[in-house]
Amino acid sequence: MFKPEILLVDDNPADLDLTSEVLARNERPKRVSSVMNGVEALGFLRHEGKYADTPDPDLILLDLNLPRKDGRAVLAEVKADPLLRRTPIVVFSTSQAEFDIMQSYNLGANSYVTKPGDLPEFVQAVESIENFWFGCARLPRKEEQ
Amino acid sequence: MIAGELIVEAEAQKLHAKGEKLSVLMVEDSVADTELIRSELEHGGFDLSSEVVQTAEEFARQVHSNSFHVVLADFNLPQWNGMEALELLRREGLDIPLILVSGALPDITAVDCIKQGAADYVLKDRLARLPSAIRSALQEKQLREERKRAEHELAQKVEELARSNRELEHFAYVASHDLQEPLRMVATYTQLLAERYRGKLDAQAEKYIHYAVDGAKRMQTLIQDLLAFSRVGRQDTTFAPVDCNLILHQALESLQLAIRESGAVLTYARLPEVMANSSQLLQVFSNLLANAIKFRGSDKPNIHISAERQAGEFAFSVRDNGIGIASENAQDVFVIFRRLHTRTEYPGNGIGLAICRKIVEQHGGKIWVTSREGRGSTFTFTLPVTEPVPAAQEKFKQEYVQA
């Protein structure tokens with residue numbers, strides 16, 4: 001059975017916890033990994049160093065304001081990389097700024113979701129993302145590693 | 001720099017005193033002519049100091065080493081001419097008025113010289129005109145300098161404004177992101193806490209959690225509203241012809257729930273077309289209508305929307321039968337964060353009408369309220385009439401059909 005791999009990229013441990021917790025609530029089996037800055041995110045995706053054996057994620061939840069290399073740069077690099085570009089990226093950020101939304105889509109984000117400031121809404125947002133990408137959308141076939 | 005300005009000012013004062021000091025650079029090959037010019041200027045009331053040059057090299061050296069009030073140049077010189085002197089001054093960025101003093105020239109050349117930047121053109125057989133030509137050239141230069149100074153100041157102001165706008169933009173971003181994030185942590189984790197320990201906490205603890213979540217959420221809306229307020233007038237606002245009837249319908253649509261719950265009856269007259277930013281205008285209508293419903297008395301809300309043309313503007317009115325406003329508070333309601341009731345009586349944070357006022361003023365209109373406490377309020381705002389005048393102002397009443 002298909003067991004989706006989800007990569008969370010967020011520098012806020014509280015958000016990582018909350019998102020992981022919400023993802024763990026339903027019965028769909030999945031594996032959730034997390035990294036806390038942009039450099040680590042790219043290292044993870046390119047299997048560099050300690051990430052040599054990490055799986056290729058089926059979905060990336062990407063925060064925008066990250067230390068070292070921010071989410072926009074990660075987005076741009078992934079979407080410019082022929083090996084990585086097909087991996088769906090959902091920008092998941094606190095920002096509601098029009099500018100961030102426009103820029104994210106311009107850089108090739110597959111969708112943009114503002115993190116809701118209310119628990120039930122937050123739960124609903126994460127569940128919607130999961131249900132859409134793993135219950136509704138067809139994902140690209142993964143190359144054998 | 002300041003010392004330099006003082007010297008310039010002192011020189012200007014000296015110039016205006018009797019026996020105006022005048023330092024002249026003459027481009028002239030005839031000794032007789034230079035003498036004639038000198039005597040004419042002294043006769044004309046100038047306390048003169050002068051240098052005479054004949055070649056371009058001498059001219060360049062002189063304008064660099066001395067500061068002259070004016071250059072008097074002959075048009076026809078053996079090696080070069082007055083127009084080349086003009087060109088050199090321009091190249092060097094020196095603003096010294098140059099007056100051509102020459103023998104007869106075809107008219108076309110004289111006009112050409114002036115076009116190319118000569119301050120004036122005086123014929124050698126009309127030298128009596130030279131003093132007044134010099135005075136007006138100096139005056140023009142002074143005006144030029146003043147204008148340049150004013151332009152410079154304006155450019156500085158524009159730059160300052162742009163910078164402060166950028167800072168505001170950045171502040172808005174910080175507010176929308178960096179302030180929201182910790183708030184989100186407070187709200188969601190307090191809610192998570194409540195969820196985890198449901199049934200294990202006493203009523204008191206539940207109440208405290210409710211207060212904490214409510215506070216964080218209020219802060220979230222407050223930041224949102226503040227952002228909306230600061231956005232008015234900052235973002236590029238495009239104005240286009242807007243059918244106010246459509247805007248009104250959109251506003252009513254968005255208030256469906258409140259209208260249904262309150263049992264409000266809305267009637268409206270036909271509204272005109274205006275030049276406006278449609279989303280901002282929608283916000284004005286929505287805010288006024290939402291208030292008319294919110295601040296209702298014991299009766300069901302009865303709200304009427306109308307527009308009337310008064311001279312060069314349309315006056316839009318939203319009349320309700322709500323609780324009204326005491327006359328001494330009629331101005332206060334448009335001030336940001338000013339509230340007349342506690343949050344438990346009527347929710348809100350006092351930004352809605354402040355946004356309305358900002359939007360209306362940005363459209364070149366005014367907004368005010370007429371009211372009597374307990375007897376309803378009428379909020380009126382004006383918008384300029386745009387030509388061509390919109391079609392017929394026939395008024396008809398129409399019951400707003402509730403879905």
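The values are calculated or read from the model by the stated rules, or taken from the named source; none is laboratory data. What you are looking at is a predicted structure, and each value in this text was computed from that prediction instead of being measured. Glycine also receives a Cβ, built like all others from the backbone with ideal geometry; neighbour counts cover every protein chain displayed.
Numbers at a glance
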item	result
Residue list for region A:95-117, restricted to those being polar (S, T, N, Q) and under 22 Å from B:THR221 (Cβ atoms)	A:SER95, A:GLN96, A:THR114
Meets criteria (within 14 Å of another protein chain (Cβ to nearest Cβ) and either surrounded by 16 or more Cβ atoms within 10 Å (Cβ to Cβ) or not in a loop (DSSP other than H, G, I, E, B) (or both)) for A:LEU64	yes
Output for region B:242-269, where each listed residue is in contact with a strand residue (DSSP E or B) (Cβ under 8 Å, 6 or more places away or on another chain) and in contact (Cβ under 8 Å) with a residue 40 or more places away in the chain	B:CYS244, B:LEU248, B:LEU252, B:ILE259, B:VAL265, B:LEU266, B:THR267, B:TYR268, B:ALA269
Any hit, region A:39-60, residues being without any contact (Cβ under 8 Å) to a residue 60 or more places away in the chain, in a loop (DSSP other than H, G, I, E, B) and either of a type in the set (A, V, I, L, M, F, W, C) or closer than 30 Å to B:LYS217 by Cβ (or both)	yes
Subset of region B:51-67 (residues that are in contact (Cβ under 8 Å) with a residue 12 or more places away in the chain and surrounded by fewer than 20 Cβ atoms within 10 Å (Cβ to Cβ))	B:GLU51, B:VAL52, B:GLN54, B:THR55, B:ALA56, B:ALA60, B:GLN62, B:HIS64, B:ASN66, B:SER67
Options A:LEU23, A:LEU8, A:LEU16, A:LEU45; residue that is modelled with pLDDT of 90 or more, closer than 16 Å to B:LEU192 by Cα, away from every other protein chain (no Cβ under 14 Å) and surrounded by 14 or more Cβ atoms within 10 Å (Cβ to Cβ)	A:LEU23
Sole exception among (1) surrounded by 14 or more Cβ atoms within 10 Å (Cβ to Cβ); (2) within 30 Å of B:ILE359 (Cβ to Cβ); (3) within 13 Å of another protein chain (Cβ to nearest Cβ) for B:VAL232, by number	(3)
Qualifying residue in region A:69-80 (condition: in contact with a His (Cβ under 6 Å, 6 or more places away or on another chain) and within 13 Å of another protein chain (Cβ to nearest Cβ))	no
Residue list for region A:116-134, restricted to those being within 13 Å of chain B (Cβ to nearest Cβ) and within 13 Å of the chain's Cα centre (by Cα)	A:VAL126
Residue ID - farthest from the other protein chains (Cβ to nearest Cβ), chosen from residues in region B:176-203 that are more than 25 Å from A:SER95 (Cα to Cα) and among the acidic types (Asp, Glu)	B:ASP202
Condition check for B:VAL174: part of a helix (DSSP H, G or I), β-branched (Val, Ile, Thr) and surrounded by 12 or more Cβ atoms within 10 Å (Cβ to Cβ)	no
Helices (runs of 4 or more DSSP H) wholly inside region B:215-326 containing at least 2 residues that are under 26 Å from the mean Cα position of the chain (by Cα) and either at pLDDT 90 or above or under 18 Å from B:PHE381 (Cβ atoms) (or both)	B:278-294
Near pairs, Cβ below 9 angstrom, 6+ apart or cross-chain, from region B:182-205 (free of Cβ contacts under 8 Å to residues at least 24 places away in the same chain and in the same structural domain as B:ALA216 (by TED's automatic domain parsing)) to any residue that is of a type outside the set (A, V, I, L, M, F, W, C) and assigned to a loop (DSSP other than H, G, I, E, B)	B:MET185/A:ASN12; B:THR188/A:LYS115; B:THR188/A:PRO116; B:THR188/A:GLY117; B:THR188/A:ASP118; B:GLN191/A:ASP118; B:ALA205/B:TYR197
Count of residues meeting criterion [on the phi < 0 side of the Ramachandran plot, assigned to a loop (DSSP other than H, G, I, E, B) and crowded, with 16+ Cβ neighbours inside 10 Å] in region B:340-371	4
Test: B:THR380 is surrounded by 16 or more Cβ atoms within 10 Å (Cβ to Cβ), part of a loop (DSSP other than H, G, I, E, B) and among the hydroxyl-bearing types (Ser, Thr, Tyr)	no
Answer from B:GLU140, B:GLU145, B:GLU160, B:GLU167 - the residue that is under 28 Å from the mean Cα position of the chain (by Cα) and assigned by TED's automatic domain parsing to the domain that holds B:VAL24	B:GLU145
